[in-house]
Amino acid sequence: MSRKTRVTKKNFKVFCEGDTEYNYIDEMRRQQRLSIALKPVNMKGGGYSNFLEQVKTDGTTNCLAKFIIIDGDRAVVEDSEKKHLRELLEYCILQNRSGRIPHFLIVDYPDFEYIACLHTPKYKGQNAVQYIIKELGYKSVDEFKADEKVYNVLNTNGNSYTLMLSLLRTENCFVINNYSISKKQYEIKISTIYDWKKLGRKGSNINEFFEVISSFNT
């Protein structure tokens, strides 16, 4: 009797800045039952150099793409972090030019807390930390960051990531990944452009993450 062939599921690796992003993406993975497996990796801070080291050494077996989701604020206030961001960006560009595993560098500016606020209809550009405490009912931003159900909070009662995507200032993006997808071949081709003059402007290219994920789920 012949054995059944085991089908190994393709996956997206998602390198997250900290607990908030990890909890959000992990719950998103569970609820949406995506056809491509999401594998979030919690970097727990450490700066851009930590991201670069982890991305370089992480395995690529069955990996369809890597998403590196970072906050952009530290690159504006620390010259050393700007240097490390440049190194991370250059590494991603090099990988994308090689035609191997696509590396999507996603930069939220100033941070994911701002992106979280965009999920909610009442947000009109207020201070993100104060807004999270006042409007989302958290005692502190640390409580918000530690909430394992943050995805539910940001995607119920009129809040949603579709609202966030509609409000994103993509014209302010420091980095943009142009890509094309072949679902049949499980292939993504990508090229990355950037503009250092835009670093420090509120915005994000996190729409690319949602677009790529959803394209493999339809």
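The values are calculated or read from the model by the stated rules, or taken from the named source; none is laboratory data. Predicted model, so just to flag it, every value in this text is computed and none were measured. For neighbour counting, all protein chains shown are included, and Cβ atoms are generated from backbone atoms with ideal geometry for every residue, glycine included. Ligands, DNA and RNA are excluded from the accessible area calculation, which covers all protein heavy atoms including side chains. Shrake-Rupley method; radii C 1.70, N 1.55, O 1.52, S 1.80 Å.
Of note:
- Extension gain for N157 to K44 (0.36 nm times residue separation, less C-alpha to C-alpha distance): 37.7 nm.
- Accessible surface of the chain [probe 1.4 Å, protein heavy atoms]: carbon and sulfur percent: 46 percent
- Rg/Rg_globular for the stretch 142-218, with Rg_globular taken as 2.2 N^0.38 Å and Rg from C-alpha atoms: 1.34
- Karplus-based coupling profile of the stretch 136-151, in residue order and whole Hz: 9, x, 8, 6, 7, 5, 5, 5, 4, 5, 8, 6, 5, 9, 4, 4, with θ = phi - 60° in 6.51 cos²θ - 1.76 cosθ + 1.60 and x standing for Gly or Pro.
- For the stretch 164-203 and the stretch 12-55, distance of Cα centres in Å: 18 Å
- Karplus-derived HN-Hα couplings along the stretch 11-22 (A = 6.51, B = -1.76, C = 1.60, θ = phi - 60°), whole Hz, x at Gly and Pro: 9, 9, 8, 10, 8, 9, 4, x, 4, 4, 5, 4
- Solvent-free Debye calculation, one equal scatterer per alpha-carbon of the chain: log10 I(q)/I(0) at 0.07, 0.18 Å⁻¹ equals -0.21, -1.44.
- Entry comment: accessible area of the chain is 53 Å² per residue, from protein heavy atoms only and a probe of 1.4 Å.
- Computed from the C-beta positions of S98 and W196, the FRET efficiency with R₀ = 22 Å rounds to 0.40.
- Computed from backbone phi with θ = phi - 60° and the Karplus coefficients 6.51, -1.76 and 1.60, the 3J(HN,Hα) list for the stretch 88-97 is 5, 4, 5, 5, 4, 4, 4, 5, 5, 5 Hz; x is used for glycine and proline.
- 222 nm mean residue ellipticity, helices alone, for the chain (DSSP H n ≥ 4; -39,500 (n - 2.57); rounded to 500): -12000 deg cm²/dmol
- Amide hydrogen neighbours beyond the local backbone of G203, cut-off 5 Å, H modeled: Y109
- Other residues within the sphere of radius under 12 Å centred on the Cβ of V141, judged by their own Cβ, net out at -3 (K and R +1, D and E -1).
- Extension reserve of the D142-Q130 stretch, reckoned as 0.36 nm per residue once the Cα distance is removed: 3.1 nm
- Among I36, Y151, L85 the positive-end extreme of the charge dipole of the stretch 1-154 (Cβ point charges): I36
- Using a simple spin-label model with pseudo-atoms 7 Å out from Cα toward Cβ, Q31 and T170 lie 2.3 nm apart.
- Distant-in-sequence amide H partners of I106 (H built 1.01 Å from N, under 5 Å): I68, I69, I70
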